Amino acid sequence: MVQAQTLKRKFKNLYFESPVNPTQVFSISFILQIAGERLKFSKSLRNCELWCRKEQSKRTSLLMGTSKSPTIDNWATYYQNQSPYGIVKIAKSRYPEIAALQENGVQPSKNQYAHRCKFFEICQDAMALVNKNET
């Protein structure tokens, strides 16, 4: 923990003392280690911080994109939409009857067709996010 305290003091511009959203929480979990390792290859502290800021957004979005329950359970809808598992969770809560039918393998009736189409579109959005994160 001594090393973490040293890194917190050295990289105070990268560290969030009191995180208020999932982006900041994920950032804290890895930014100090990245900065500590990158400093070995950087010419200055400023260059290291600039590189870490660029990498921070990419890595945070990847971490959010792979997060699932119970981590995403308390997130706001905005942040849940950045995780495929969160997108599917939102779809299941928005269309619970379609989710139940899908899980049981039952064909929905004709009056549920529009809801099934919307549920399917949301699942396709989740797959698109998975593919984006994969590349």
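Points worth noting:
- Residue in segment 52-59 that is of a type in the set (A, V, I, L, M, F, W, C) and at pLDDT 85 or above present: yes
- Filter result for Gly65 (crowded, with 17+ Cβ neighbours inside 10 Å and in contact (Cβ under 8 Å) with a residue 60 or more places away in the chain): yes
- Here Arg116 passes the criteria (1) assigned to a helix (DSSP H, G or I); (2) surrounded by fewer than 17 Cβ atoms within 10 Å (Cβ to Cβ); (3) not hydrophobic (A, V, I, L, M, F, W, C) except the one numbered (2).
- Leading residue by the ranking (modelled with the lowest pLDDT) among those in segment 13-50 that are hydroxyl-bearing (Ser, Thr, Tyr) and under 26 Å from the mean Cα position of the chain (by Cα): Ser29
- The lone exception for Ile34 - which of (1) in the same structural domain as Thr6 (by TED's automatic domain parsing); (2) buried (at least 17 other Cβ atoms within 10 Å of the Cβ); (3) part of a loop (DSSP other than H, G, I, E, B) it fails: (3)
- Unique residue being modelled with pLDDT of 80 or more, surrounded by 11 or more Cβ atoms within 10 Å (Cβ to Cβ) and farther than 29 Å from Ile122 by Cα when the list is Lys10, Lys89: Lys10
- Breaking point among (1) crowded, with 16+ Cβ neighbours inside 10 Å; (2) of a type in the set (Val, Ile, Thr); (3) more than 14 Å from the chain's Cα centre (by Cα), for Thr60: (3)
- Restricted to segment 76-113, and to residues there that are hydrophobic (A, V, I, L, M, F, W, C) and not in a loop (DSSP other than H, G, I, E, B), the residue that is farthest from the chain's Cα centre (by Cα) is Leu101.
The values are calculated or read from the model by the stated rules, or taken from the named source; none is laboratory data. Here the structure is a predicted model, which is why all the values come from computation and not from measurement. Because the Cβ atoms are built from the backbone with ideal geometry, glycine has one as well, and the counts that use them run over all protein chains shown.
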